[in-house]
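Undergrad: Input: one structure, supplied below.
The values are calculated or read from the model by the stated rules, or taken from the named source; none is laboratory data. Everything numeric in this text was worked out from a predicted model, so none of it was measured. Neighbour counts run over all protein chains shown; Cβ positions are idealised from the backbone, glycine included.
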Amino acid sequence: MRALFPGSFDPVTQGHQDVLRGAALLFDADKTGRFPIAERLDRLRAAATDLSNVTVDAHTGGLLVDYCRRVGIDVVVRGVRGVPDLDYEMPMARMNHELAGVETFFIAADPALAHISSTLVTAMSQQQRVPER
């Protein structure tokens, strides 16, 4: 069974890596980003170099389920940090199943990493670059 872990990974966080590693143990496994897609792909490949059953690819445009059909994906992997993430992800999971029979596998974030998000990492890095007055 093949699985997919979609996301913007802008930037890749330890939480993303945690979900990726958890999913790799279980499966043969449209945003404007801060980093170019090629750089994000390179960073993900570097984060997964020791995971022989992980392939890093990009999908831009169209429905996720269309990509899943095209490359033979059965399961989408999503990391959730808490109830708000699950509330956001559930309608999409149901629709992916209705449209293409694609299942969604949720992996709970490590509690030590659950407070980390790409948005917060980006905000913190931008704040550190602002010169003091």
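Undergrad: Against the condition surrounded by fewer than 16 Cβ atoms within 10 Å (Cβ to Cβ) and closer than 13 Å to Phe5 by Cβ, how does Leu26 come out, does it pass?
TA: Yes: the conditions hold for Leu26.
Undergrad: Residues that are under 22 Å from Ser117 (Cα atoms) and out of contact with any His (no Cβ under 6 Å at 6 or more places or on another chain): find the helices (runs of 4 or more DSSP H) completely inside region 1-107 holding 3 or more of those.
TA: Here the list reads 14-26, 37-47, 83-100.
Undergrad: Filter region 8-36 down to residues that are closer than 21 Å to Ile73 by Cα, out of contact with any strand residue (DSSP E or B) (no Cβ under 6 Å at 6 or more places or on another chain) and at pLDDT below 90, then give me how many there are.
TA: The number of residues fulfilling the criteria is 6.
Undergrad: When you scan region 30-64, how many residues do you find that are aliphatic (A, V, I, L, M), within 15 Å of the chain's Cα centre (by Cα), surrounded by 12 or more Cβ atoms within 10 Å (Cβ to Cβ) and under 20 Å from Asn96 (Cα atoms)?
TA: Number satisfying all stated conditions: 1.
Undergrad: Right, another one. Identify all residues within region 109-129 that are among the small types (Gly, Ala, Ser) and closer than 14 Å to His16 by Cβ; write none if there are none.
TA: Answer for region 109-129, where residues must be among the small types (Gly, Ala, Ser) and closer than 14 Å to His16 by Cβ: Ala109, Ala114, Ser117, Ser118.
Undergrad: Taking region 6-25 only, how many residues are over 9 Å from the mean Cα position of the chain (by Cα) and of a type in the set (Gly, Ala, Ser)?
TA: Residues in region 6-25 being over 9 Å from the mean Cα position of the chain (by Cα) and of a type in the set (Gly, Ala, Ser): 4 in total.
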